[in-house]
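Data first, discussion second: the structure below is written as structure tokens.
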């Protein structure tokens, strides 16, 4: 199924050229080729069309033109399920995006504290994630350093995080794998250590490894600091992965204040090789919401 057939089956009317809404225009002019950029949906995003079966969901993702896929919870799936997913992705031509590499502590210090027990736990989980990455043909894995240690200077915390990440990079480098550090916004995740692109850039420079890069989640960074395109340029050499989601609401592009068509155009002018994980919800329930997600990406990709 291509997108033209999908929208026709969905009852989308043609010939409404006078309508100026980007969401409607995208429906009126669906394309028959894959998206220009590697947008990566996740399981559950299109379950009302594809059903609950994971492989059927992957097939639907590929059929409507997406070229990548991400799964934060991949590490928690059995090896057999991971292998089945990987085989389906290879058959469908889907590239694997990120999965979460380790246990994230949302409410207490971990890598920031300098506690060797936390560090060893983290490094053990990084070693485990190497095997997961090999199994599912992944290159990138998400790392979040954890909560702020309020009794310790931020300079000491930064040094502790950098030291742990250097150890992790030594594990990942021989395998050509990359941990991507995700700064998260203060509103949704108050108290976390890593929260800006410049801070992440500084840490990546200090770790000084191809195995340590930035995950630029544009939803989080719109809330935290704005200035999306200039910060993409300033941090470009250390960015390894993008994620999307509009603000407010953390839903698909066109539902909030970010002009994603302009952002995607800017990224594409620099490189079309990045995966852009669709780490957001659907603005509407059911099949209508799933059509709206595809519609939004058709429009945002039409630069």
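None of the figures in this text is laboratory data; all of them are computed from the coordinates on show. Remember, predicted model here, so these are calculated numbers, not experimental data. Glycine also receives a Cβ, built like all others from the backbone with ideal geometry; neighbour counts cover every protein chain displayed.
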**Asked** Got the relative contact order for region 3-300 handy, in percent, Cα pairs under 8 Å and 6 or more residues apart?
**Response** 18 percent
**Asked** Where the eigenvalues come from the Cα gyration tensor of region 186-267, what are the semi-axes √(5λ) of the equivalent ellipsoid, largest first, in whole Å?
**Response** 22, 16, 9
**Asked** In whole Å and largest first, what semi-axes does the C-alpha gyration tensor of region 144-303 yield when each eigenvalue is scaled by 5 and square-rooted?
**Response** 29, 18, 14
**Item:** the chain: angle of helix 54-63 to the longest principal axis, Cα-based, in degrees nearest 10
**Value:** 60 degrees
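Relative to the compact globular guide of 2.2 N^0.38 Å, what is the alpha carbon radius of gyration of the chain, as a ratio?
Here the answer is 1.01, to two decimals.
Divide, for region 47-132, the radius of gyration over alpha carbons by 2.2 N^0.38 Å, where N is the residue count.
Against the empirical 2.2 N^0.38 Å value, I get 1.36 for region 47-132.
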**Prompt:** P(r) for region 79-184: what percent of alpha-carbon pairs falls in each 5 Å bin, starting at zero?
**Reply:** 2, 13, 22, 21, 16, 11, 7, 5, 2, 1, 0
**Prompt:** For region 258-303, rounded, prolate or oblate, judged on the Cα gyration tensor with a ≥ b ≥ c (square roots of eigenvalues), a/c < 1.5 rounded, else prolate if a/b > b/c?
**Reply:** prolate
**Message:** Can you tell me the orientation of helix 154-172 relative to the chain, as the angle in degrees between its alpha-carbon axis and the longest Cα principal axis, to the nearest 10?
**Reply:** 70 degrees
**Asked** What ranking do 156, 241 get, fewest neighbouring Cβ atoms within 10 angstrom at the top?
**Response** 156, 241
**Message:** With a cut-off of 8 Å between alpha carbons and a minimum separation of six or more residues, what is the relative contact order of region 120-185 in percent?
**Reply:** 49 percent
**Message:** 7 Å from Cα along Cα→Cβ at both residue 78 and residue 205: what's the point-to-point distance in nm?
**Reply:** 4.8 nm
**Prompt:** Of 137, 227, 262, which has the largest mean-square fluctuation in a 10 Å C-alpha GNM of the chain?
**Reply:** 227
**Fill in**
With a ≥ b ≥ c from the Cα gyration tensor eigenvalues, square-rooted, and the rule rounded for a/c under 1.5, otherwise prolate when a/b > b/c and oblate otherwise, region 151-230 is oblate
